[in-house]
Amino acid sequence: MTKPTEEFNPKDEREEEQVQEQALHSDSEAQEEKTSTLSEVLDAIHEHDDEAVSEVLEELKPAEVARTLESLPPSEREQLWEAIPEDEQGEILAHLGGDVLDDLIEDMSTEELSHAVEDLDSDDLVDLLHDMPEEKALSLLQNFDSEQREKLLTLLEYDDDTAGGMMNTDSLTVRPDTLVKTVVRYLRMLEKIPDATTKLFVVDRNAVLLGEVHLSRLIVADDEQAIADMMKTDFKTIPVETDSHVVAQIFREYDLVAAAVINENGQLLGRITVDDVLDFMQDESEKMLLNSAGLDEEADTLSGRPLKKWWRWRHSVHWWQAWGASLDRSR
């Protein structure tokens, strides 16, 4: 049987101070690197050197490109955005918020925006919907097929600061009576395996989580062996309402790469990967940096205007679900 997750006590005050000091030190180093990159980008843009701009972009990760965009004046920001390939824009948008995000997507059509975000993980896409202006978010949701829209609406039910808000719904599941050779054949038929997939979750017909099977064990198992005979039943699960800070503690304490998220009935809802936890820790680190500087984490430090986070507060999940149902009926 799966083990329910126990509550973790907070670390002592001194340890928390050390964590904050380390975070601030890391952010200081990142700030120096960011300044150097920004200078390179500005020089290339002012010299109208498209090749140099492309070279700088190739060296940056999506989050770094996003930070660079946020640091540029509007005119240079637009020029840099135009130089970014369309198939890379979604990952960058996922790291943006507030007025910068609004400005960049303002002139994008629904089709262009849909294409840009089509490869985003579901949790990143939900965060992006939260941060987008109402009209754009509605148009984007309307452009999705009913299956994808239903998944997104399910994730929108959960608070951002919980396991439900962190999880993806792209878990790969199998039944306990399935043979290894059948599972392997199924995996080979898939066009793409979800990123950071290290294990399969074993569920019954009611989606109750029974166990897990690591891929490393699956590939060396006998073809005729049943999943039930090789699955692991003593493993860590995370209740969907678990606070995000506790989720991070669980991953650290148990050296997890991925963990199943379950509801009160033990049914599998999704999974959280270490990438999701690292994203959360990065957000927390940035909050610490802003707080140490006496800044409001909800403010756009460039424009002085508050970030547009009202979307998640103004619209209840019930409204989203009713809207989605009415849209499906009209089709």
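Things worth noting here:
- Full extension of the chain between Asp160 and His48 yields a length gain of 36.2 nm, computed as 0.36 nm times the residue separation minus the alpha carbon distance.
- Note on Arg188 and Ser39: the model spin-label points, each 7 Å out from Cα along the C-beta direction, lie 5.5 nm apart.
- Centre separation in Å (Cα based) which lies between segment 243-268 and segment 186-202: 20
- Taking a sphere under 13 Å around the Cβ of Ser216 and counting the other residues whose Cβ falls inside, with K and R at +1 and D and E at -1, yields a net charge of +2.
- Taking 0.36 nm per residue of separation and subtracting the current Cα-Cα distance, fully stretching the chain between Asp283 and Leu179 would add 33.2 nm.
- Of all beta bridges that DSSP places with both ends in segment 173-278, some 70 percent have antiparallel geometry.
- Theoretical FRET efficiency, 1/(1+(r/R0)^6), r = Cβ-Cβ of Ala63 and Lys232, R0 45 Å, to 0.05: 0.85
- A straight chain from His115 to Ser139 at 0.36 nm per residue would run longer than the Cα-Cα distance by 7.3 nm.
- Taking Lys and Arg as +1 and Asp and Glu as -1, the other residues whose beta-carbon sits under 13 Å from that of Leu269 total -3.
Bear in mind these aren't lab numbers, they're just calculated from the coordinates by the rules spelled out. Here the structure is a predicted model, which is why all the values come from computation and not from measurement. Neighbour counts run over all protein chains shown; Cβ positions are idealised from the backbone, glycine included.
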